[in-house]
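The structure appears below as structure tokens.
The values are calculated or read from the model by the stated rules, or taken from the named source; none is laboratory data. Predicted model only: the values in this text are computed from it and were never measured. So basically every Cβ, Gly included, is an ideal-geometry build from the backbone, and we count neighbours across all protein chains shown.
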Amino acid sequence: MTKKRILTGVIIVLSIYVMYLLYIFVLSPKTNLQSIYLIPKDAVFVIESEKPVDSWKKVSESKAWQHLRKNSYFADLTESIQKMDTLFNNKRRLFEFFDDRSLFISVHMVSRKEYGIFYVVDLKRIAKLKMLRTYFNTFLNENYTLSKRDYHNHEILEVFDIEDKETLYLSFIKNQLVASYTHTLVEASIDQYKEPALGRDLNFIEVNKKVGYEDLFRLYLQHDYFDDYFQRFSSEPNDWVDRLSDNFLFSGFSFDLDKNSMLTANGFTNISPNNENYLEALQKSGMGKRSVPQIAPKRTSVYVSYGFGSFFEFYKNFESVQQGNDSEAFESYTKGIQKVENFLKIDVKEHFVSWIADEIALLQIKSNISKSTNDVALVIKANDIEAAKTNLDFVLKQIRKKTPVKFKAIDFKAHEINFLSIKGFFRLLLGNRFDEFDKPYFTIIEDYVVFSDNPNTLKSMITDYLEKQTLSTSKEFMAFDQKFDEKSSLYLYSNIPLLYDNIYALADRPTKAQMKKNKDFMVCFPHLGFQLTPKGNLFKSQLIMDYEQIDPSKNSVVHQTKPDSKTSSKPSEITDAIFDLKPIYPTDLNAKSFKKMYTNGKVQFEVELKDGLKHGSYSQYYKNGGIRIKGRFRQDLQVGTWRYYNSEGELIRKKRF
């Protein structure tokens, strides 16, 4: 065979190959499938990236990610993503070949406590090259084995990791490569690709079209499945999680990460037709400026603000939405309002709605009284505080006329505390979101009326306000809050370290052990904020989480040594400090006395009360029942001569107040 014939043969083969490529990439019919069509319908989260290699590099090199990777709990939570991280780093040339092609990652609950992660890569027309399938063999070494099987006329490649004993499942569906460590997700994708669910959901499409493009990635949350995902971490129902699942359909965010690892997300959210009505009413009622931080304590772990152009407009929309969504429920609502009005001879719109301004807020506050409880308060901003006082005084007068409730207002640090004995009034007025305030006490601080079922919450808020210990005096809160628009329909802020303390105090022993072990990996994100503002029939959404590197030496819990329960009876060792008593917090401000018990059932101390204040005799006892301290109070102040006795009943010290 001459050289000329050999050269001719090579040219013919190359020409045929070039024509084949030309057909593949230019002339063949465009039958590309969208990646979103292949994601199984029960996705909790969907992450989308146009430049997955660059995006992943930015995330994986951030301080926050490097810190979180050290945590075993987080490593388990992101096990599949960690595997992909290793794959990206080890086979960077392969994935650079796929860059500039969109990557989708979705999270699915595959059982009550287990989740699976699913990947979709748009290969575009290179997927038509059969050699691409064989290319996967080039990055498999002796640590992997490759096998194949058919599933509903689609080939599934099974890459088994000999060392980890785990299998990665892959399949080519038209122009898409799908992959997962959970075979049922790949099979679900194959089953639904001709009739996609998520990708053709009009509510998802509505959010998807609005989400912008940032440097990092986009994330979509399908709220209907979020409560299922939450059960992986806690078998106890969570009110906030349930409300998210019930009230919203989809949220879509475009994420960015700055050099300080602060995560910022901007996007859109649509609400469920089965929402609690107030969300739809908020969407139609404009926005309000946040100002409650002027009186909210620094101890606030969660601050939820509802804003509107005016409360009167919101209330009118709230009634209209209820009437349109459920006429029977609206009829029941109006009958409930009328029943209260007829019984007390009041007008809800005149005596309540008329004086409410542009913000209502819910506060969850770290208690400075008891570690086993959280303080909760409802704060209503008044457009005219004098009008608010006048109308509330009238309502209280009517309650005293029509009910047997006898409560005398008490004065606490020049702030009057009253009792609004209308059972379930706020739930009736504003829906189930406010059912935590059944028969609340209330006080007035500046231009705000503050309600709580526990009067001690009001006392502590008054004290913090007078001592200027409010959110508005916190430089950290104000700096974080200013990253959001000053006006909103819904705004949620959480101080994560304080929220951690709240949850830890209420958790069972195994949960406490797990939380304590992972504390610095939770509180390293000290502030979280979420905001909704109306935009057409959607809510414009913003989410921000900042990162703060934790010094482990400063994050340890200091355990103080308990003092010896056996108090010395030597007079020379007893000082006047023995008469410094801890404050008490009676929840019944009408009670005539207050007592605290030892675990053995004996009285630890007892004191007479008047209007919620210590007023009268005080006696403190040893565990064996013997008297320890005796004295008297007048209007919460110690008066007269106080006496201290040892455990043998001998008088050891006296002090005159």
Exercise for the section: Look through segment 393-406, keep the residues that are over 13 Å from K345 (Cα atoms) and not basic (K, R), and return whichever of them is surrounded by the fewest Cβ atoms within 10 Å (Cβ to Cβ). Expected result: P404
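I need the full set of residues from segment 420-469 which are without any contact (Cβ under 8 Å) to a residue 40 or more places away in the chain and in a helix (DSSP H, G or I), in order please.
R427
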Handout entry: The lone exception for K366 - which of (1) at pLDDT 90 or above; (2) in contact with a Ser or Thr (Cβ under 9 Å, 6 or more places away or on another chain); (3) of a type in the set (D, E, K, R) it fails
Key = (1)
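Output the residues belonging to segment 211-222 that are buried (at least 18 other Cβ atoms within 10 Å of the Cβ) and within 17 Å of I36 (Cα to Cα). Steps first, answer last, please.
Taking segment 211-222 first, the residues buried (at least 18 other Cβ atoms within 10 Å of the Cβ) are 211, 216-222.
Passing the criteria: V211, F217, R218, L219, Y220, L221, Q222.
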Handout entry: Residue satisfying all of: in segment 490-522; of a type in the set (A, V, I, L, M, F, W, C) and without any contact (Cβ under 8 Å) to a residue 12 or more places away in the chain; nearest to I544 (Cα to Cα) among these
Key = A507
Exercise for the section: Out of the residues in segment 131-167 that are at pLDDT 80 or above and among the aromatic types (F, W, Y), state the one that is farthest from S189 (Cα to Cα). Expected result: Y144
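Every residue, every condition in (1) part of a loop (DSSP other than H, G, I, E, B); (2) touching a helix residue (DSSP H, G or I) at 6+ places or on another chain (Cβ under 9 Å); (3) modelled with pLDDT under 75; (4) not assigned by TED's automatic domain parsing to the domain that holds Y618, yes or no:
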residue: Q514; (1), (2), (3), (4): no, yes, yes, yes
residue: F539; (1), (2), (3), (4): no, yes, no, yes
residue: I544; (1), (2), (3), (4): no, yes, no, yes
residue: S553; (1), (2), (3), (4): no, no, yes, yes
residue: S556; (1), (2), (3), (4): yes, no, yes, yes
residue: K562; (1), (2), (3), (4): yes, no, yes, yes
Practice task
Within segment 476-488, identify whether any single residue is closer than 30 Å to T264 by Cα, among the aromatic types (F, W, Y) and in a strand (DSSP E or B), and answer yes or no.
Solution key: no
Exercise for the section: Check segment 384-397 and report whether any residue there is touching a residue at least 40 places away in the same chain (Cβ under 8 Å) and on the phi > 0 side of the Ramachandran plot. Expected result: no
Handout entry: Count of residues meeting criterion [buried (at least 16 other Cβ atoms within 10 Å of the Cβ) and outside any helix (DSSP H, G or I)] in segment 489-511
Key = 8
Exercise for the section: Report yes if some residue within segment 148-167 is under 21 Å from D122 (Cβ atoms) and not in a strand (DSSP E or B); otherwise report no. Expected result: no
Fill in the blank from the handout: Note: among A382, A414, just one is surrounded by fewer than 13 Cβ atoms within 10 Å (Cβ to Cβ), farther than 30 Å from T264 by Cβ and of a type in the set (A, V, I, L, M), namely A414
Exercise for the section: State whether the residues of segment 448-461 include one that is in contact with a Lys or Arg (Cβ under 8 Å, 6 or more places away or on another chain), aromatic (F, W, Y), at negative phi and crowded, with 20+ Cβ neighbours inside 10 Å. Expected result: yes
Completion exercise
Scanning segment 596-624 for residues that are surrounded by 12 or more Cβ atoms within 10 Å (Cβ to Cβ), part of a strand (DSSP E or B) and within 38 Å of the chain's Cα centre (by Cα), the one modelled with the lowest pLDDT turns out to be L613
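Residues checked against (1) assigned by TED's automatic domain parsing to the domain that holds T457; (2) out of contact with any Gly (no Cβ under 8 Å at 6 or more places or on another chain); (3) free of Cβ contacts under 8 Å to residues at least 60 places away in the same chain; (4) among the aliphatic types (A, V, I, L, M):
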site	(1), (2), (3), (4)
V607	no, no, yes, yes
L613	no, yes, no, yes
Q620	no, yes, yes, no
G626	no, no, yes, no
